[in-house]
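Everything below concerns the one structure shown next.
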Amino acid sequence: MLTAPATPPAIVCALDDFHYQFVRMLPAVTARAAAAFRGVRCPHDRDDAVAEVVARAWAAYAKSPATGDGDAEVLVAEAVADVRREFLACPAR
């Protein structure tokens, strides 16, 4: 029979707090991405672009754990710029 430790390792708590900080920023990230891609006619493409911005913002946030609120805007702006560049480069759209 497997038994779990009475207290989780410290790293689990740190990751939970780290994740919670990003989740608190998520509405602002989503709103910024939705505003950036509001001119995209196809709702599926627009949703994909917003989801890609959220994913890239999370990836960038995860690489820099000491991110503050000011840095979050930079991360989102870079993610929007990257997705917009790729979106415009796709000939099917």
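With the simple spin-label model, which puts each label point 7 Å out from Cα in the Cβ direction, the PHE87 to VAL23 separation comes to 2.7 nm. 3J(HN,Hα) couplings calculated from phi for the range 73-87 with the Karplus curve 6.51 cos²θ - 1.76 cosθ + 1.60 (θ = phi - 60°) are, in sequence order, 4, 5, 4, 5, 4, 5, 5, 4, 4, 5, 5, 4, 4, 5, 5 Hz; Gly and Pro show x. Taking θ as phi - 60° and the Karplus parameters 6.51, -1.76 and 1.60, the scalar couplings of the range 23-36 work out to 4, 5, 7, 4, x, 5, 5, 5, 5, 5, 5, 4, 5, 5 Hz in sequence order, x denoting glycine and proline.
Bear in mind these aren't lab numbers, they're just calculated from the coordinates by the rules spelled out. From a predicted model like this one, the values you see are computed outputs, not experimental measurements. Please note: Cβ atoms are built from the backbone with ideal geometry, for glycine as well, and neighbour counts cover all protein chains shown.
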